[in-house]
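What follows is a short report on a single structure.
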Amino acid sequence: MSSIDMERLTCRPRLPLFDRCWLARGRRCGVERQRGLTLIELIIAIVIIGAAVAGVLAVFVQATRGSADPLVRKQAMAVAESLLEEILAVHYTCPDSSCVAVTTANRTATHALADYDGFTMTGIRALDGTAIPQLAGYTASVAVAPDAAWSGVNGRRITVTVTGGSESVALSGWRGAY
């Protein structure tokens, strides 16, 4: 055999599929490249990811905690607006002698503005007295007071307060004697 043939035989690996030196392709045998992560790197990554997840969850908890409040507030606002509109639509003074203080049972009768002063409704009811089950936990109260800020014009200030859960909404309206 010639020296060239001997060189080829000695450089060629015996089992090319299983020989690591042959797979390294020119790298030194026995020196392998490090692959994967060390235990310390994994622990640091878990701590960082855990802190990020905890921060995101804290934001979700805060958002979830306050997500029901806008619904309660909107419902209370709708009830207050409806009741204030009802009160502003009645006569300023009693047109006849049949006016009496407003109760949940007689809201459809003829009333004057002053008849609503002190009106309280626990569990919201429709104008005809029918209870609205979804609004059973709400309370509405009305205060009607003379308002002297109108520069001599005879007027009254109507304040409707609706409370539902921890939310409370107060709306005010003014009515002149016309």
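None of Thr163, Thr108 is within 28 Å of Gln75 (Cβ to Cβ) and outside any loop (DSSP other than H, G, I, E, B) except Thr163. The condition of being surrounded by 15 or more Cβ atoms within 10 Å (Cβ to Cβ), aliphatic (A, V, I, L, M) and in contact with a Leu (Cβ under 9 Å, 6 or more places away or on another chain) holds for Ala80.
Here Arg156 meets each of (1) free of Cβ contacts under 8 Å to residues at least 40 places away in the same chain; (2) surrounded by 15 or more Cβ atoms within 10 Å (Cβ to Cβ) with one exception, condition (1).
Scanning the range 114-126 for residues that are in contact (Cβ under 8 Å) with a residue 40 or more places away in the chain and within 18 Å of Ser82 (Cβ to Cβ) yields a total of 2. Is it the case, given these coordinates, that Glu41 is surrounded by 10 or more Cβ atoms within 10 Å (Cβ to Cβ), of a type in the set (Asp, Glu) and assigned by TED's automatic domain parsing to the domain that holds Gly118? Answer is no for this residue. Each residue in the range 128-152 was checked for being in contact with a Gly (Cβ under 6 Å, 6 or more places away or on another chain) and farther than 19 Å from Ala105 by Cα, and 1 of them qualify. If you go through the range 127-145 and keep only what is without any contact (Cβ under 8 Å) to a residue 40 or more places away in the chain, closer than 22 Å to Tyr92 by Cα and not in a strand (DSSP E or B), you end up with just Asp128. Filter the range 129-153 down to residues that are within 13 Å of Tyr116 (Cβ to Cβ) and among the small types (Gly, Ala, Ser) and give me whichever is surrounded by the fewest Cβ atoms within 10 Å (Cβ to Cβ). Residue satisfying both the conditions and the ranking: Ala145. Among residues of the range 114-128 being of a type in the set (A, V, I, L, M) and loosely packed, with under 14 Cβ neighbours inside 10 Å, the one that is farthest from the chain's Cα centre (by Cα) is Leu127.
The values are calculated or read from the model by the stated rules, or taken from the named source; none is laboratory data. In this text the structure is predicted, and so the values were computed from the model without any measurement. Ideal geometry is used to build each Cβ from the backbone, glycine not excepted, and the neighbour counts take in all protein chains shown.
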